[in-house]
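Worksheet: the structure to be examined is printed underneath.
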Amino acid sequence: MQVVNSIKIHENCLHFRGDIPCLPHKQFGVHCDGCSFYRPQQKSILIIKLGAIGDVIRTTPLLLKIQQEYPNAAIWWVTHTPEILPNNIHRILKFNAESLLVLQATEFDTIINLDKDPAACALLKLLEAPEKIGFTLKNGKPAPVDARAEHKFLTGIFDDVNQQNIKSYVQEAFEICGWEFKGEDYLLREVQKIDWRIPSGGRPIIGLNTGCGERWISRLWPRESWADLIVKLQKAGYCPILLGGRDEHEFNTNLSKETGAYYAGQFPLQQFISLMNECDVVVSGVTMAMHIAIALKKQLVLFNNIFNPYEFELYGRGEIIQPKNACQCFYSPKCTNPSYQCMDSLGTDQIFDAVSRSVSAVVER
């Protein structure tokens with residue numbers, strides 16, 4: 001405790017900010033002296049996960065374990081997408097120059113970096129902490145901090161090692177930190193409540209996420225397949241709705257006109273999550289929407305071709321469907337197989353049957 005102008009301050013309290021009033025003071029007008037909300041900080045932990053939104057989401061299960069192991073730890077997280085993270089993190093920082101100044105001037109007990117991005121690795125190397133976990137920078141290149149991170153490091157640089165892996169990303173993340181994964185689930189910020197007025201008529205809503213970004217076009221399913229699936233879903237009494245962002249807007253608009261499938265448009269991230277939350281089942285490739293669906297605890301029909309299927313943890317809520325013709329372009333953004341496009345052999349009957357099973361699972365829950 002320090003005293004400023006005769007006022008006692010618990011600067012080590014988890015609620016204390018220093019730049020603005022703490023929440024208990026704003027809600028109840030309390031001061032530090034004799035405050036019943038006083039929680040002495042046990043430990044300070046920084047998580048570095050800059051990457052894609054989906055990668056950030058699938059790292060959030062660590063929060064549950066950290067809070068279990070260190071209930072009075074101050075948890076910080078630095079990322080490119082702070083808006084996706086749950087509010088129970090003490091400090092969420094966007095990766096920028098201002099945040100770097102704050103981080104360099106802050107003492108942490110533990111820093112966890114599960115991102116092999118060179119900038120993330122450089123940040124771990126630059127910051128001071130008694131314990132560093134994950135990946136750092138050596139000779140200007142990403143490298144494992146210790147033996148616990150070596151397996152994940154190798155799967156990222158050798159395709160054959162990756163293909164032999166039978167651990168999910170979440171399991172590997174826990175093991176890098178020295179913990180055993182026990183089914184800890186994804187976490188998200190509280191979902192916005194929006195009255196979408198989807199014309200489902202009480203029918204099961206099937207969200208169809210049609211894209212996968214501009215880079216990974218090897219994962220795209222043909223337009224004709226989406227249209228055929230929509231017809232099958234409509235005939236079976238389901239309400240298919242189209243999901244996507246800016247890259248899929250024109251595609252979804254035209255597909256909606258062609259098939260009559262509902263398309264609400266493209267939206268900012270939090271609104272998009274709210275729209276996905278209306279779905280009973282989500283059909284998607286390996287995309288941000290896949291991770292959002294998992295975090296929302298939706299039944300998921302995931303089609304996968306270029307990735308190791310063991311990488312994905314669905315928590316028993318869905319299934320992975322792969323093309324009948326094996327993919328020959330492991331982890332390649334563009335298909336390089338001159339013989340066939342594997343996604344052409346992913347049949348609509350395969351996906352429809354999986355959707356039907358997922359709808360039944362929703363009804364049984």
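Miscellaneous remarks
- Counting every alpha-carbon pair across the chain, the share separated by more than 29 Å comes to 48%.
- Reducing the range 223-267 and the range 101-136 to their Cα centroids gives an inter-centroid distance of 43 Å.
- Segment Asp344..Gln42, full-extension length gain: 103.3 nm, with 0.36 nm per residue of separation and the alpha-carbon distance subtracted.
- The range 1-40: equivalent-ellipsoid semi-axes (sqrt of 5 x gyration tensor eigenvalues, Cα, Å): 14, 11, 11
- Start at zero, step by 10 Å, and the Cα-Cα distances of the range 1-140 spread as 11, 39, 33, 14, 3, 0 percent across the bins.
- For the chain, the 222 nm mean residue ellipticity estimated from helices alone, with every DSSP H stretch of n ≥ 4 adding -39500 (n - 2.57) and the total spread over all residues, rounds to -8500 deg cm²/dmol.
- Residues Lys167, Lys334, Lys94, ranked from the fewest to the most other C-beta atoms within 10 Å, line up as Lys334, Lys94, Lys167.
- Counting every other Cβ atom within 10 Å of each residue's Cβ, Tyr169, Tyr38 order from fewest to most as Tyr38, Tyr169.
- Each of His291, His25 was scored by other Cβ atoms within 10 Å of its Cβ. Listed from fewest to most, they are His25, His291.
- Descending principal axes extents, the range 205-364, alpha-carbon based, whole Å: 39, 34, 31
- Computed over the range 44-122, the P(r) curve from all C-alpha pair distances, binned at 10 Å from the origin, holds 18, 58, 24, 0 percent per bin.
- Under 14 Å, Cβ to Cβ, from Pro24 - net charge with Lys/Arg +1 and Asp/Glu -1: +2
- Under Karplus coefficients 6.51, -1.76 and 1.60, residue-wise ³J(HN,Hα) of the range 57-74 in Hz, glycine/proline x: 4, 7, 9, 5, x, 4, 4, 4, 5, 4, 5, 6, 6, 10, x, 10, 8, 8
- Gain upon complete extension [Ile7, Lys125; 0.36 nm per residue less C-alpha separation]: 38.6 nm
- Of the peptides 76-89, 314-327, the ranking by mean beta-carbon count within 10 Å, highest at the top, reads 76-89, 314-327.
- Looking at the chain alone, DSSP beta bridges between its own residues are antiparallel in about 20 percent of cases.
- Remark: the range 340-346, residue by residue, has Karplus-estimated 3J(HN,Hα) of 6, 9, 4, 5, 5, 9, 7 Hz, where x stands for each Gly or Pro and the curve is 6.51 cos²θ - 1.76 cosθ + 1.60 at θ = phi - 60°.
- Here the spin labels are modelled as points 7 Å beyond Cα on the Cα-Cβ line, and at Tyr310 and Arg246 they lie 3.8 nm apart.
- For the range 90-188, dividing the convex hull volume of the Cα atoms by the residue count gives 131 Å³ per residue.
- Karplus 3J(HN,Hα) series, Hz, for the range 206-213 with 6.51 cos²θ - 1.76 cosθ + 1.60 (x for Gly, Pro): 10, x, 10, 8, 8, x, 7, x
- Proximity of backbone amide H atoms, modeled 1.01 Å from N, is registered between Asn72 and Gln42 at under 5 Å, excluding neighbours fewer than 5 places apart on the same chain.
Values quoted throughout were computed directly from the atomic coordinates according to the rules given, and no laboratory measurement underlies them. Predicted, not measured: the structure shown is a model, and the values here were computed from it. Cβ sites come from the backbone with ideal geometry, for glycine too, and all protein chains shown count toward neighbours.
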